[in-house]
Amino acid sequence: MMNTKIYEHDNDVDVTHKINTIELDNWINHLKYIEKEVINLVNMCTINDKLDDKTVLQRFQKKKVENNNLLQALFNYSNSRVDIAECEDMNCDMTFIKEHEAYRKNYLYHLDKYRRLKDEFFDKVQGKFTLLNGVS
């Protein structure tokens, strides 16, 4: 793993690589958490007879696969970043920086879609509970 401590003598590119490494580690940890959370949400769908919407369950199962695929891609990307130290010109550095930007977009898109699905799930659960309790 790259040393992520930022020193005064680091140039802008070194600082960018270090910040990107920290960010990548955060994405990976967040996706690991989402992996566990999706399992819990799938379990909630399957044990909650009141939530008889199988499409939500299927969408969570699909999201679990997508999350796992992105997590695997980030692991592979993280492993490829060891070559950053070998960069000797700005072109090489920019290739890594552009690649990181592409992964950032994928991560943020995945997160947005996941949050929307989760919000929809909780809206449905809340709606079911509201109807069950006779509150409208």
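Cβ distances below 4.7 Å define possible disulfide partners, and in the chain the cysteines left without one are Cys45. Expressed as a whole percent, the accessible area of the chain that falls on carbon and sulfur atoms is 51 (1.4 Å probe).
Taking every alpha-carbon pair under 8 Å whose residues sit at least 6 apart, the chain reaches a relative contact order of 27 percent.
What's the lysine pair count for region 45-108 at a Cα cut-off below 23 Å, pairs eight or more apart or interchain? Lysine pairs meeting the criterion: 9. Computed from Cα positions, the angle between helix 54-80 and the longest principal axis of the chain comes to roughly 10 degrees.
The values are calculated or read from the model by the stated rules, or taken from the named source; none is laboratory data. Please read these numbers as outputs of a predicted model, since none were measured by experiment. When we count neighbours, we look across all protein chains shown, and the Cβ atoms used for this are built from the backbone with ideal geometry, even at glycine. Surface accessibility is based on the protein's heavy atoms, side chains included, excluding ligands, DNA and RNA. Shrake-Rupley method; radii C 1.70, N 1.55, O 1.52, S 1.80 Å.
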